[in-house]
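Novice: Take a look at this one; I'll ask things after.
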Amino acid sequence: MIAAREYARRRRQLMRLAGDDAIVIVPAAPERIRNNDAPYPYRQDSDFHYLCGFPEPDAVLALLPGRNQAETILFCRDRDPTREAWDGPRLGPDGAVESCGLDDAFPIEDIDDILPGLIEGRSRVYYHFGRDSEFDLKLISWIKRVQTLRGPLARAPHEFVALSHLLHDLRLYKSKDELGLMRQAAKIAAEGHRRAMCATRPGLYEHQVEAELIHAFRSAGAVPSYEPIVGGGANGCVLHYRANNALLRDGDLLLIDAGAEYACYASDITRTFPINGRFSADQRALYEIVLAAQDAAIAQARPGKAWTAPHDAAVAVIARGLCDLGLVAGKPAAAIANGAYKRFFPHKTGHWLGLDVHDVGDYRVDGEARQLEPGMVMTVEPGIYIAPDAPGIEARWRGIGIRIEDDIAVTRAAPEILTAGVPRTVAEIEAHMSAAK
């Protein structure tokens with residue numbers, strides 16, 4: 001887990017960047033109702049979690065760089081034996097200070113009286129405007145209250161700055177403890193994928209295989225980091241397929257895109273494998289292209305390389321493979337130049353990974369592709385998708401969707417494959433599925 005001292009270090013870094021005349025305000029995620037009075041499972045806001053690790057809703061973190069009395073203040077729910085009997089224990093202000101290493105904490109009911117006084121005298125507010133319209137209005141009301149109470153002498157903030165400009169660059173670089181949690185999330189997800197491979201056979205439904213994933217995740221104290229994609233046959237060609245209710249048929253492939261979230265940190269894995277345990281010749285031919293593209297992309301995930309280097313490497317391999325199979329006419333260089341390969345590989349090769357599956361962090365800096373650095377974690381996920389009704393394509397290729405995805409940590413040397421525990425090559429997949437029978 002993340003120690004209180006690391007949360008404190010993150011807050012100090014952010015306050016140093018914000019400057020002594022600023023205030024940083026970060027609300028916790030609100031609870032969301034699924035239907036009627038049944039809430040969704042609570043998940044803390046990633047930025048709020050990154051800065052303090054406080055796990056409850058109805059909380060606001062205020063950072064006041066340079067303030068003598070207290071620089072880090074939390075407003076949260078007070079202890080309430082009656083509500084705790086229904087909803088579970090609360091930390092309360094005293095518990096929050098002790099567990100999160102904060103300077104001070106107050107009941108959330110007192111925020112209207114206390115926060116305007118903390119805002120006064122600060123020239124800039126760092127905050128995520130536009131995320132929560134209800135909280136936006138609260139913040140504006142607190143600033144107006146400063147002006148109303150102080151009149152012409154009021155020293156209210158005159159500048160509002162998007163918090164993401166500072167905070168999300170910090171989140172891009174993972175610490176040793178963060179990488180430890182991400183390895184655990186990857187290990188749990190890998191077990192889910194191995195279970196799913198072993199359970200798969202013709203005649204099952206996609207949701208029955210999905211159940212194997214969920215079993216592995218929950219057994220290890222994790223939850224899905226996103227809705228799993230379990231797409232058999234042509235469903236694997238739908239990039240964000242989520243129905244997971246179709247019958248699995250002999251001779252088709254099954255594409256599973258599923259990750260586990262452990263202690264708020266995500267993993268993200270995709271594997272594609274034959275439902276009956278054996279690749280056909282055509283399936284294998286396409287699979288080997290995607291696998292070679294992933295290998296080429298992972299090799300580019302090194303310090304000093306551009307963020308786009310892994311994608312460019314994958315595109316080169318896929319374009320050549322598609323041309324060799326006659327699925328794209330002409331030479332590979334022309335297929336890349338005119339974008340013909342995009343008909344079968346329409347997405348990028350990866351994204352940042354961390355507290356969010358599609359994690360924060362700019363991909364371009366000053367108009368140029370960002371350079372990779374140690375501590376960054378990314379996915380590498382090339383694919384080939386041939387729609388079942390693709391015109392001008394031989395029937396033997398149609399309805400095949402293949403994606404292979406792993407989580408990669410950039411290090412000072414060779415990239416670390418966090419998700420290496422899942423069979424990936426044709427031989428590994430077939431052997432793993434055969435052993436389960």
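Novice: Can you find even one residue in the stretch 336-354 that is in contact with a His (Cβ under 9 Å, 6 or more places away or on another chain), under 18 Å from Lys187 (Cα atoms) and among the β-branched types (Val, Ile, Thr)?
Specialist: Here is the first cut: in the stretch 336-354, the ones in contact with a His (Cβ under 9 Å, 6 or more places away or on another chain) are 348-352.
Next, only the ones that are under 18 Å from Lys187 (Cα atoms) stay: none.
No: zero hits.
Novice: Give the residue, chosen from Leu17, Leu74, Leu51, Leu63, that is in contact with a helix residue (DSSP H, G or I) (Cβ under 6 Å, 6 or more places away or on another chain), of a type in the set (A, V, I, L, M) and closer than 19 Å to Leu181 by Cβ.
Specialist: On the way: Leu17 fails: closer than 19 Å to Leu181 by Cβ; Leu74 fails: closer than 19 Å to Leu181 by Cβ; Leu63 fails: closer than 19 Å to Leu181 by Cβ.
Going through Leu17, Leu74, Leu51, Leu63 in turn, the sole match is Leu51.
Novice: Based on this model, can you work out whether Leu327 counts as aliphatic (A, V, I, L, M), within 19 Å of Ser175 (Cα to Cα) and open to solvent by less than 20 Å² (accessible area, probe 1.4 Å)?
Specialist: Numbers: aliphatic (A, V, I, L, M): yes; within 19 Å of Ser175 (Cα to Cα): no; open to solvent by less than 20 Å² (accessible area, probe 1.4 Å): yes.
Answer is no for this residue.
Novice: Please go through the stretch 262-291 and pick out each residue that is aromatic (Phe, Trp, Tyr) and surrounded by 21 or more Cβ atoms within 10 Å (Cβ to Cβ). Lay out the reasoning, then the answer.
Specialist: Here is the first cut: in the stretch 262-291, the ones aromatic (Phe, Trp, Tyr) are 262, 265, 273, 279, 287.
Listed by number, the residues that qualify are Tyr262, Tyr265, Phe273, Tyr287.
Novice: Only one of Ile275, Ile229, Ile269 is at pLDDT 95 or above and either aromatic (Phe, Trp, Tyr) or out of contact with any Lys or Arg (no Cβ under 8 Å at 6 or more places or on another chain) (or both); which? Even if it seems obvious, please write down each step before you answer.
Specialist: On the way: Ile275 fails: either aromatic (Phe, Trp, Tyr) or out of contact with any Lys or Arg (no Cβ under 8 Å at 6 or more places or on another chain) (or both); Ile229 fails: either aromatic (Phe, Trp, Tyr) or out of contact with any Lys or Arg (no Cβ under 8 Å at 6 or more places or on another chain) (or both).
The match here is Ile269.
Novice: Could you list, in sequence order, the residues of the stretch 297-321 that are surrounded by fewer than 21 Cβ atoms within 10 Å (Cβ to Cβ), small (Gly, Ala, Ser) and closer than 24 Å to Tyr173 by Cα?
Specialist: Ala299, Gly304, Ala306, Ala309, listed by residue number.
Novice: Can you pull out the residues in the stretch 61-75 that are over 23 Å from the mean Cα position of the chain (by Cα) and either of a type in the set (A, V, I, L, M) or in a loop (DSSP other than H, G, I, E, B) (or both)?
Specialist: Passing the criteria: Ala62, Leu63, Leu64, Pro65, Gly66, Arg67, Asn68, Gln69, Ala70, Glu71, Ile73, Leu74.
Novice: Could you check the stretch 91-114 and list, in sequence order, the residues that are without any contact (Cβ under 8 Å) to a residue 40 or more places away in the chain and open to solvent by less than 40 Å² (accessible area, probe 1.4 Å)?
Specialist: Residues satisfying the conditions are Gly92, Pro93, Gly95, Ala105, Pro107.
Novice: Let me spell it out: the conditions are (1) buried (at least 20 other Cβ atoms within 10 Å of the Cβ); (2) within 20 Å of Arg67 (Cβ to Cβ), and Gly117 meets all of them except one. Which number is the exception?
Specialist: So the condition that Gly117 fails would be (1).
Novice: So which residues in the stretch 154-211 are open to solvent by 60 Å² or more (accessible area, probe 1.4 Å) and at pLDDT below 95?
Specialist: Result: Arg155, His158, Glu159, Phe160, His165.
Novice: Follow-up. Looking at the stretch 76-88, I want the residues that are in a loop (DSSP other than H, G, I, E, B) and have a partner that is open to solvent by less than 70 Å² (accessible area, probe 1.4 Å) and of a type in the set (A, V, I, L, M, F, W, C) with Cβ atoms under 8 Å, at least 6 apart or on another chain. Which pairs are those?
Specialist: Partner pairs satisfying both residue conditions: Arg77/Ala59; Arg77/Ile108; Asp78/Ile108.
Novice: Report, ordered by the first and then the second residue, all pairs with beta carbons closer than 6 Å, sequence separation of six or more or different chains, a first member in the stretch 196-223 that is closer than 22 Å to Arg183 by Cα, and a second member that is open to solvent by 20 Å² or more (accessible area, probe 1.4 Å) and assigned to a loop (DSSP other than H, G, I, E, B).
Specialist: Going by the 6 Å Cβ cut-off, there are no qualifying pairs.
Novice: Restrict the check to the stretch 388-407 and report whether at least one residue is on the phi > 0 side of the Ramachandran plot and more than 22 Å from the chain's Cα centre (by Cα). Please lay out each step first, then the result.
Specialist: Residues of the stretch 388-407 on the phi > 0 side of the Ramachandran plot: 392, 399.
Among the residues that remain, those that are also more than 22 Å from the chain's Cα centre (by Cα) are: 392, 399.
Yes, that holds for at least one residue.
Novice: Among the residues of the stretch 17-26, are any of a type in the set (Val, Ile, Thr), under 23 Å from the mean Cα position of the chain (by Cα), in a strand (DSSP E or B) and farther than 23 Å from Gly92 by Cβ?
Specialist: No, every residue in the stretch 17-26 fails to be of a type in the set (Val, Ile, Thr), under 23 Å from the mean Cα position of the chain (by Cα), in a strand (DSSP E or B) and farther than 23 Å from Gly92 by Cβ.
Novice: Step by step: first the residues of the stretch 212-248, then only those that are over 20 Å from Lys437 (Cβ atoms), among the small types (Gly, Ala, Ser) and in contact with a helix residue (DSSP H, G or I) (Cβ under 6 Å, 6 or more places away or on another chain), then the one that is most open to solvent (accessible area, probe 1.4 Å). Which residue is that?
Specialist: Among residues in the stretch 212-248 that are over 20 Å from Lys437 (Cβ atoms), among the small types (Gly, Ala, Ser) and in contact with a helix residue (DSSP H, G or I) (Cβ under 6 Å, 6 or more places away or on another chain), the one most open to solvent (accessible area, probe 1.4 Å) is Ala220.
Novice: Tell me yes or no: at least one residue of the stretch 317-333 is under 18 Å from Glu416 (Cα atoms) and either modelled with pLDDT under 95 or not in a strand (DSSP E or B) (or both). Full working, then the answer.
Specialist: Just the residues of the stretch 317-333 that are under 18 Å from Glu416 (Cα atoms), to begin with: none.
For the stretch 317-333, residues under 18 Å from Glu416 (Cα atoms) and either modelled with pLDDT under 95 or not in a strand (DSSP E or B) (or both): absent.
Novice: Let me ask something additional. Can you find even one residue in the stretch 378-394 that is crowded, with 22+ Cβ neighbours inside 10 Å and outside any strand (DSSP E or B)?
Specialist: So far as the stretch 378-394 goes, yes, one or more of its residues are crowded, with 22+ Cβ neighbours inside 10 Å and outside any strand (DSSP E or B).
Novice: Before we move on, is Val360 closer than 30 Å to Leu418 by Cβ and touching a Lys or Arg at 6+ places or on another chain (Cβ under 8 Å)? Don't jump to the end; show me each part of the working.
Specialist: Numbers: closer than 30 Å to Leu418 by Cβ: yes; touching a Lys or Arg at 6+ places or on another chain (Cβ under 8 Å): yes.
Criteria met by Val360.
Novice: Mind listing whichever residues of the stretch 334-362 are over 17 Å from Met182 (Cα atoms), β-branched (Val, Ile, Thr) and open to solvent by less than 40 Å² (accessible area, probe 1.4 Å)?
Specialist: Within the stretch 334-362, just Thr349 meets the criteria.
Novice: Okay, moving on. Scan the stretch 41-48 and give yes if some residue there is among the acidic types (Asp, Glu), open to solvent by less than 20 Å² (accessible area, probe 1.4 Å) and either out of contact with any Pro (no Cβ under 7 Å at 6 or more places or on another chain) or not in a strand (DSSP E or B) (or both), otherwise no.
Specialist: Of the stretch 41-48, the ones among the acidic types (Asp, Glu) are 45, 47.
Checking which are open to solvent by less than 20 Å² (accessible area, probe 1.4 Å) leaves us with 47.
Filter again for either out of contact with any Pro (no Cβ under 7 Å at 6 or more places or on another chain) or not in a strand (DSSP E or B) (or both), leaving 47.
Yes; the residues of the stretch 41-48 include at least one that is among the acidic types (Asp, Glu), open to solvent by less than 20 Å² (accessible area, probe 1.4 Å) and either out of contact with any Pro (no Cβ under 7 Å at 6 or more places or on another chain) or not in a strand (DSSP E or B) (or both).
The values are calculated or read from the model by the stated rules, or taken from the named source; none is laboratory data. Predicted, not measured: the structure shown is a model, and the values here were computed from it. Every residue, glycine among them, receives a Cβ derived from its backbone with ideal geometry; neighbour counts consider all protein chains shown. Areas reflect the complete protein model, heavy atoms only, side chains present, ligands, DNA and RNA absent. Shrake-Rupley method; radii C 1.70, N 1.55, O 1.52, S 1.80 Å.
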